[in-house]
Every structure is written in structure tokens, then in C-alpha cells.
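I have placed the structure first, in the form of C-alpha cells, so that the comments after it can refer back to it.
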Amino acid sequence: MMCPKGSLPHTDVSTMDRECVSLLPRVCEVLADSGMSLPDDTSLEKLLDWFTGLTAAGGSLLEACPCLLDFISAVASDTASDPGVLAFTLKLTGLMAANEDGFRTLQERSVLDLVFSLQHWQEAGLWEDPSLRIGWIQGLKNSLQHPEALSFFVQSDFIEPLLKLQTDSSLFVASAANQMLAHALLFFQPVSSAGCNGVEKKEEDKSADLGHPAVTLDTITGYTAAVRAVSEYLKESLDPKENTRPHQRLQILKLLALLLAQAGPPLRDRLLQTVGDSLDGLVTAGCSQLTLPLMDVVLAAYSSGTDEHIPDRRVARLLSSMLTTSEPSELICAAAAFLRRGRRDAVHTARAVTALLLPLHIITGQTLLGTNATADERRGAMVEQLKSKTSCIAMICVCLTNTPQMALMPPDVLPCPPHLIVTAVLSLLRICSGVSSSAGCREACRNIISSGKVQKCALEALTALSCSSGAQEKICDVFAVLIQYLDNPDSDPTVLHKSYQALVKWTSVCADLSLITDQLRQDLVDVVKKRVCDMRWEVRDSTVEFLGHLADVPVFPKSAAEVCDASEASPDGCCTTPLLREALRDSESYVRASAISALARTLAGSWQQGAALSQDEAEIVSRLLDILSQDTEGFSRRAVVRYFIAWFSSRSSRSPPSSSTSLLMQCVRAVLSQGSADLDWEVKVHALELAELLLDEAFSGQRGYRKGSDTHQAPPHPYGVVCDQAHTLHTHAGGHTEGVESDLARALNELVEQGVISALLCGLVDCDRPVGLKACRLLISLRETVCPLSLRTTDARVTCELPDLGWGLEIRKILGMKKSDGVGEAEDRGAPKEAGDGVTVGVCEVLTSLGLDERLDVLTQSSDHVHNSPLSLLQDILTASAAHARPDTQPGQEVIVDCY
């Protein structure tokens, strides 16, 4: 079984490796010895991961590993143990106690009382170590999986120390305590709050059904007491009259939000009933640091019920208070938080929208709110807040981020037509660039001039607003502002990049590009020509990317029958290819790679139409082959192979042979040869993708052939772990004619001449696993298509040459090894024959003698299969301890072990 890097494979306890079981007692001795060292600081976490996996698979750790009980007792009793080992022991104890049988065994041996005794750790002076406190918390949390553990938890009075740890000086400890309390209350909460007739049960009856087996009266009483204690703690801590520090209140609000978001009606109602007054007081007090966490609490309570659940009136009142607060910054934060949540109602949504449009209304002078009385009341306070540069920029950015969402809202919520929001954003961009004054607040306007943060937010908002109702009427205004930004010498590279993105987006949604004036088109051409020569490589790269993306945008100027691409409509299409061709010689590899990609997009239309090859295209191809063979950067070489993949995929198979197709097929062999020998593994994978396209074309429609992607799904990340996949062999049915055999032989011979077979064999023995994996899968598909037929006929035999160096020698070694083992036969159909500098062999003989299925099994297993295993981990720990114990080991000398 495969596992993520850094974790261990799960193994059932009953089938645990015997060698692991035999090593575990010695490992426990090493860990219990306070003077011993570990191979690395993650060994204990990996060991705990293994134990967790064993527990999750079923069975009992105590039965499979009885030595763990003595280990826990020994470590807990030895206060000189390393804090990391102590924390590991606490977590392991909780893991073992998660099983009811394990819990009883630990309790009978008094291990639980010792391990989780606060007094024990405090008297030993170890409680001050944060790692021990976290171990204690997580150990308790691990154990709380059944009612007996809950009873132990409550009877041991662990609620109070956990509540104190909510505000621990260590953020990690406070967060762990937060999660622990939430788990205790949520895991054991009642499963239902209504009787069979739909009438809610009485409060004392609600706790009677915890939904867990073996629930006793003590458990119910303990849970009720825990809820009461937590509720009262929350109430007191959130009371504004109490001297609770803001950061402590923040942690407490996080706990309350976590509880309310997942609590069922009984627990939710109990919590709200208890903390309602304290929340009211906090909202009224208006502490800006707590606005967002307070809003999280209110919205968690507001949205936690079912669709039929009507929010508590107290919650609705709190929400209204948050959305009508007189403090501008708090109001903006609360309104944005409300819109981020999915559940809304018209009244509160309208208030949030009004609040978020008000700063834009004030700064731009656009009438976004009309005659809104509430907005007029807040205007004075908001203007004062906007006069502060820091507050102004922060609030405007929040408002801009929400404009696309607001523009899509229904008319009963939005106080202005959506296109006015576009106008406001354009006005804001003009103010930021300093080219326009505003009818709004001048002091606020000064704060955003040349603000890169506001410019970026506004450009992102403008890009998203392209889909709003009536936006296309603003296309000329949008183009004018964006071109002005592109032409501004002071524009930041990121601002320019976002300007290009906005241009592409608006071009893609514009139904009629004739709305753009000729002057704007020319201005855009001029500015692109200027920016493609910019001193900053980031700007050149963004410009080249823009030209490529523009070619991808389909445009319908008048009717669907007259489709063209945006590069022809805007800017002038005739300037695109020369600019990109020149960018192929850029000094920066990122720009060269972007230029290659943009050229592929730009020329895709002519490829699809089967157009004749132009002189420019011939020169481009020549330059690309030079890049593939000579460029020192992998980015550019990858882009070249992808270019030929796009070319091969885009050309129309229905079009008659042309100079373009002829040149492409001439280049294929060179691309495969150079790409498969590249030092960059991604270039090699792309070369195999090109080989796969050639295979698909050669055998398309042939019975028994399946594309590699049909049967083998590539891993999401090249070096990521892949799942075990059953490989199905595709056999041929009988009855094939000699004509079919001849066609297959002809197709196979063409693949040999194109260099496809050489590329696949080269990839099979490549040192990079993704390359070998892909090559192996393609070779298996090829074998199952051609070999059954070719082996039955002598005239269909196709040969290929294995060079006398590199991958050829590797393949020959594999074939020789197979023959020496008796797997192959050293007769005419399998014996290699000398020919020049290499060895000529039959393709089918190679395919059937390489052991591809066995090789695939190996390649689909990551290195973790061997090295990242429980056995390896246990051996590492023992090796490190042995080296540490040797008298000849020098201080600081590293122990080299196989620790992944």
C-alpha cells in the first residue's frame, strides 16, 4: 500500500510484520533510556503515525505489542526522560485508551492515572515544557472515543485545567486545548433533540441519548457537567467587564465559533442561552480587534441550523448590531465577513452591500447609494476614517474585493445598476494613477494615489466585473484605462500583469469588438511594442504571455460564422508573430519559454486549417530546434517540445498533405531524439507525450489498441506516490487477416523510422521514475497491439537498432539477463544481430523479453515502499542508539542512517 511522503504504510495489527514485533521491545528500551539519541527529530511522530495506522486498521496495540505497556509505565515514572519522549508517551497512551479493552487494561494497571496526572508532571517540574502540555492534551483527545473515557475525563476534573490552557502562553498549546474541548463536547453531544412526534424533548431528556454504546447515568451526568462548565467559562471570559486580554478573548471566540458551527440544537441552544449577554456586551463595546472573530461566532450560530431552522432572535439581533455599528472599520470587516458566508437574507445582505459601497461612493463621487438615509448618517464617520491613509487603503481594498460579488446581486439588494460599480472602479483606477481628480473626498483621494495595493485590487475587481450585467457598454472606457496603465512608466510589473489579465478577460466577453475604436487599437499595438522591449524581464514576460492568451480568445465580430481570434481583432494581428519571434532570442529563459507557448497559440489556427507553411514559420521551427539542442535552461526546452505537441495535435487530419505537415514530420524524429536524451526529466516526459500521439495516430482504430491514458492514469505530481493499479492485458481476438498484419507492420516500421521506439526504450531505463513509468506503460500498450500478430508471421517482422552506448547498452543487458534466465529464446526471433555501431533486434522480441509487467509493478511503487517503512524506522532508531553508545563516536559526529 502506498502512502504520502513522510508517513508510514498502514498495516493491520494482526498481520504486523514479525520482524517489527521482534525489534519493538529493543526500540522501547532505547526510547525509555533518557541518554539515548534518535536518528532525527521526526522519528517519534513517524512512529506514532504507524501506531495510529495500526489502530485504525482494527485490533489492539496491547495484544500485538505488549511491551508498550511496560514502556509507558517506565517512561512516565522516570521524570528525567526527554520531554519529546514523554509527549510521545502521552499521545501513545491516549491512542491505546481509544479502544475500550485497551482503556480498561490501562486503568487496571493504574497507567492512566499516572500518565495523565497533572500533579505528577507539575511536581516533577515538567509541566512548563509546552511539548509536554501538548502531549497531555492530544493524549486525552485520542482517548475520548467512548463513554468510559468521557467518565474518566470528567471524574478526573480535567475540564478546569483545559479551560485554563485555552489562554496558554504558547499558541500551539492554546490551539490544541481549543480543539480538545470542542472534540469532547461535539463527539458526545446528543444525536437528536426531538421526540417521535416532532416535539422537542425537555432539557433533562435531551442529554439522555448520547448516541454511543454503553452510556451510563454517570456518563450523561458528566457530559452535562462538562457542558455547564464550558458554557459558564465562556460567559465569564467574554464578559466585557472582566479583565480578559484581547488575545485570550480571541482564542475563546475561536472555541465558541467551532462549537456553534457543528453543534446540534441542544448544545447550540444551551451555549447561546449562556453566552448571549456576554456577546451583546462585546458587540456594544466595539473592540475592533475582535470584529472578525465575533462575526465568525455570530455567523456560525446564524447558519448552523437546517434550512427549516429559524435563527435565534438573539443571533439575528447580534448580526444586525454588527452590520449597523457606527465604527467604519468594524462595519466594513463585518459586512465583508457576512458576504463571504453562503447563507444570506435580503435585509442583512442589503445592509452589508450598502456598507461596502459607501467608501467607493465617497471617494469616486459616483452615486452608488442614491438617497440612502442610513448611508447619509454614516457618511461623516466614514469620511473621517478615510482621511487616515492606512485605514483608507485597507477599507478600499476590502470593498473592491467584494464588488464582483455585489454586482451580481438582485435589484432589491443592490442600490445601483451594476454598470455603475464598473464606472466607480474605473474612476478609482484613474485617481490611483493621478491622471484624474474626483468629485468625492479629496483628502481620501490623496491617500490612494500611486498605491500599488489599491491598483492591484481594483484591477482584479475590474477583471471579475467583466461578467456583470451591462458591463460591455463600458468596453471602450475599460480599454482606455487599461492602456493608460500599460503606458504609464511608473506602473509596477505586477500592476502591468494584472492590466494584461483584465484586457484578455474583457476581450473574451465582448460580443462585438467593433465597439473598440481604431485609435484604441493602435494605442494598444504601440504600448505592446514598447513593453515587449521593457528593461524588466517580468514586464516582457507578461507582454508575451498576453499575446499568447489573446490568441486563445474566440471572438465573434458579427456572426458565429465569422469567428476569428482576438489577436486579429485587437491588437493588430500582423504584429504578433514578429514580436514573438524576436522574443525567442530574449536573454531571460522565462520570456523565451513564454514566447514559444504564445507562438503555439498564435499559429494554432493556421495549423487547424492546413495552411501552407510561411517563411516566418520555417524560421521559427529552425530557431526552436536550436533552442532544444542548445538552450541551457529547462523552461525553454520544455516549451519547445510542448510546441511540437500542440502542432501535432492541432493539425487537421482531413486536410491534404502540405508543406507545414511535411516540415512537422521531419522535425518529429529530431525532437524525440533530443528530448528523450535531455537532462531535464520534464522535457523527457513531454517527449514521451509526443511519442504517445504518434502511437495513437499509427494504431487508431486498430483492434486491441488502447491509449495509455485509457488504462493508466498518471499520478497528480510527477514524484508523488501512485496508487497500485491493476494492469489489464489487451488480447486480440482471432480472425485477423493478412492485410491487418501488413498494416500493423507498416505502422510499426514508420514508428521505428520516426524514432518513437528508440524514445520509448530510452525512457524505460531512465533514472527518473516518471519517465520510466510513462515509457513502460506505452510499451505495454504497443506490445499488446502488435506482438500477438507479428509473432505469427515472418514477413511482418520489424526491427530496430540498439546503440552500443547509453540506453542501448542498458536494454541489451536486460535482454541478456532474460535470456540467461531462460525467459527468452536465443533463436532467430530473439537473438540480436550485429549491424554497424549497434545491434539490430526485432521490435516484438524486445517488447516480449523486457519483463514490462514486472517492471511496471516496480515503477508504480515509490521509494517509500522500501525505505519509508516501519521496519526501516525501527532499524534507524536502533542504529542511532548503537552509534551513540560507541565510545569512539566523536561529539557532533553525524550518524548516517536511512531516515527518510
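Just checking, how many residues over the range 113-131 are part of a helix (DSSP H, G or I) and touching a Phe, Trp or Tyr at 6+ places or on another chain (Cβ under 6 Å)?
Adding up the residues that qualify gives 1.
What are the residues in the range 239-297 that are β-branched (Val, Ile, Thr) and open to solvent by 50 Å² or more (accessible area, probe 1.4 Å), if any? Give the derivation first.
First, the residues of the range 239-297 that are β-branched (Val, Ile, Thr): 244, 252, 274-275, 283-284, 291, 297.
Matches in the range 239-297: Thr284 only.
Does Lys453 satisfy being in a helix (DSSP H, G or I), more than 25 Å from Ile421 (Cα to Cα) and touching a helix residue (DSSP H, G or I) at 6+ places or on another chain (Cβ under 9 Å)?
It is false that Lys453 is in a helix (DSSP H, G or I), more than 25 Å from Ile421 (Cα to Cα) and touching a helix residue (DSSP H, G or I) at 6+ places or on another chain (Cβ under 9 Å).
Within the bounds of the range 71-79, is there any residue that is under 39 Å from the mean Cα position of the chain (by Cα), charged (D, E, K, R) and either open to solvent by less than 30 Å² (accessible area, probe 1.4 Å) or modelled with pLDDT under 90 (or both)?
no
Run Lys46 past the list (1) open to solvent by less than 10 Å² (accessible area, probe 1.4 Å); (2) in contact with a Pro (Cβ under 9 Å, 6 or more places away or on another chain); (3) at pLDDT 80 or above and report the number of the one that doesn't hold.
Lys46 satisfies every listed condition except (1).
Just the residues that are in a helix (DSSP H, G or I), open to solvent by 50 Å² or more (accessible area, probe 1.4 Å), within 14 Å of Val298 (Cβ to Cβ) and touching a residue at least 12 places away in the same chain (Cβ under 8 Å), please, taken from the range 334-353.
Filtering the range 334-353 down to residues in a helix (DSSP H, G or I) leaves 334-340, 346-353.
So of that shortlist, the ones also open to solvent by 50 Å² or more (accessible area, probe 1.4 Å) come out as 340, 346-347, 351.
Pick out the ones that are also within 14 Å of Val298 (Cβ to Cβ) and you get 340, 351.
Arg351, the sole residue that qualifies.
Can you tell me which residues in the range 60-112 are of a type in the set (A, V, I, L, M), more than 21 Å from Phe153 (Cα to Cα) and assigned to a loop (DSSP other than H, G, I, E, B)?
Across the range 60-112, the qualifying residue is only Ala80.
Please go through the range 354-390 and pick out each residue that is of a type in the set (Gly, Ala, Ser) and open to solvent by 30 Å² or more (accessible area, probe 1.4 Å).
Those that are of a type in the set (Gly, Ala, Ser) and open to solvent by 30 Å² or more (accessible area, probe 1.4 Å): Gly365, Gly370, Ala373, Gly380, Ala381, Ser388.
Among the residues of the range 402-411, count how many are open to solvent by less than 50 Å² (accessible area, probe 1.4 Å) and either in a loop (DSSP other than H, G, I, E, B) or over 12 Å from Ser469 (Cα atoms) (or both).
3
Select, from Arg855, Arg812, the only residue that is modelled with pLDDT of 55 or more, in a helix (DSSP H, G or I) and under 25 Å from Glu753 (Cα atoms). Spell out how you get there, then give the answer.
On the way: Arg855 fails: under 25 Å from Glu753 (Cα atoms).
After applying the criteria, what remains is Arg812.
For the range 272-301, give me the residue count where each residue is outside any helix (DSSP H, G or I) and not small (Gly, Ala, Ser).
Our first condition is that a residue be outside any helix (DSSP H, G or I); within the range 272-301, this holds for 286-287.
Narrowing the set further to residues that are not small (Gly, Ala, Ser) leaves 287.
Total satisfying the criteria: 1.
Could you say which residue among Leu86, Leu95 is touching a helix residue (DSSP H, G or I) at 6+ places or on another chain (Cβ under 6 Å), open to solvent by 10 Å² or more (accessible area, probe 1.4 Å), under 27 Å from Leu162 (Cα atoms) and modelled with pLDDT of 90 or more?
Values: Leu86 fails: open to solvent by 10 Å² or more (accessible area, probe 1.4 Å).
It is Leu95.
Looking at (1) surrounded by 18 or more Cβ atoms within 10 Å (Cβ to Cβ); (2) in contact with an Asp or Glu (Cβ under 8 Å, 6 or more places away or on another chain), which one does Leu414 not meet, given that it meets all the others?
Leu414 satisfies every listed condition except (2).
Kindly indicate whether Leu150 is part of a helix (DSSP H, G or I) and under 18 Å from Val75 (Cβ atoms).
no
Return yes or no: is Leu68 open to solvent by less than 60 Å² (accessible area, probe 1.4 Å), closer than 24 Å to Ser117 by Cβ, under 37 Å from the mean Cα position of the chain (by Cα) and modelled with pLDDT of 90 or more?
no
Within the range 631-650, can you find the residues that are modelled with pLDDT of 95 or more and of a type in the set (S, T, N, Q)?
The one that is modelled with pLDDT of 95 or more and of a type in the set (S, T, N, Q): Ser636.
Which of the residues that make up the range 490-524 are outside any loop (DSSP other than H, G, I, E, B), of a type in the set (A, V, I, L, M) and open to solvent by 10 Å² or more (accessible area, probe 1.4 Å)?
Across the range 490-524, the qualifying residues are Val504, Val509, Leu515, Leu520.
Taking only pairs six or more apart or across chains, which ones have beta-carbon atoms under 7 Å, a first residue in the range 255-282 that is under 18 Å from Ala184 (Cβ atoms), and a second residue that is outside any helix (DSSP H, G or I) and open to solvent by less than 10 Å² (accessible area, probe 1.4 Å)?
Filtered contacts from the range 255-282: Leu255/Gln166; Leu271/Ala263.
Yes or no, residue by residue, for (1) in contact (Cβ under 8 Å) with a residue 60 or more places away in the chain; (2) farther than 21 Å from Phe51 by Cα; (3) more than 42 Å from the chain's Cα centre (by Cα):
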position: Thr93; (1), (2), (3): no, no, no
position: Ala97; (1), (2), (3): no, no, no
position: Thr105; (1), (2), (3): no, no, yes
position: Gln119; (1), (2), (3): no, yes, yes
position: Gly125; (1), (2), (3): no, yes, yes
position: Leu132; (1), (2), (3): no, no, no
position: Gly135; (1), (2), (3): no, no, no
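Please work out which one of (1) among the aromatic types (Phe, Trp, Tyr); (2) buried (at least 20 other Cβ atoms within 10 Å of the Cβ); (3) at pLDDT below 95 is the condition Phe172 fails and give its number.
All conditions pass for Phe172, except number (2).
Mind listing whichever residues of the range 354-380 are outside any helix (DSSP H, G or I) and without any contact (Cβ under 8 Å) to a residue 12 or more places away in the chain? Step through it out loud before you land on a result.
Of the residues in the range 354-380, the ones outside any helix (DSSP H, G or I) are 365-372.
Answer for the range 354-380, where residues must be outside any helix (DSSP H, G or I) and without any contact (Cβ under 8 Å) to a residue 12 or more places away in the chain: just Thr371.
Mind listing just one residue for me: the one in the range 602-648 that is basic (Lys, Arg) and within 20 Å of Val771 (Cβ to Cβ) and, of those, surrounded by the fewest Cβ atoms within 10 Å (Cβ to Cβ)? Walk me through how you get there before you give the answer.
Filtering the range 602-648 for residues basic (Lys, Arg) gives 623, 637-638, 642.
Then drop every residue that is not within 20 Å of Val771 (Cβ to Cβ), which leaves 637-638, 642.
Working: Arg637: 29, Arg638: 23, Arg642: 19.
Out of the qualifying residues, it is Arg642.
For the structure I just gave you, tell me whether Leu429 is surrounded by 15 or more Cβ atoms within 10 Å (Cβ to Cβ) and not in a loop (DSSP other than H, G, I, E, B).
Numbers: surrounded by 15 or more Cβ atoms within 10 Å (Cβ to Cβ): yes; not in a loop (DSSP other than H, G, I, E, B): yes.
Yes; evaluated as a whole, the condition is true for this residue.
Scanning the range 156-193 for residues that are β-branched (Val, Ile, Thr) and in a loop (DSSP other than H, G, I, E, B), which turns out nearest to the chain's Cα centre (by Cα)?
Filtering the range 156-193 for residues that are β-branched (Val, Ile, Thr) and in a loop (DSSP other than H, G, I, E, B), the one nearest to the chain's Cα centre (by Cα) comes out as Thr167.
What tally of residues in the range 131-141 results from selecting those that are at pLDDT 95 or above and open to solvent by 10 Å² or more (accessible area, probe 1.4 Å)?
Selection size over the range 131-141: 4.
The values are calculated or read from the model by the stated rules, or taken from the named source; none is laboratory data. Small disclaimer: the values here were computed from a predicted structure and weren't measured. With ideal geometry, Cβ positions are generated from the backbone for all residues, glycine too; neighbour counts draw on all protein chains shown. Ligands, DNA and RNA are stripped out before the accessible areas are found, and what is left, the full protein with its side chains, is counted by its heavy atoms. Shrake-Rupley method; radii C 1.70, N 1.55, O 1.52, S 1.80 Å.
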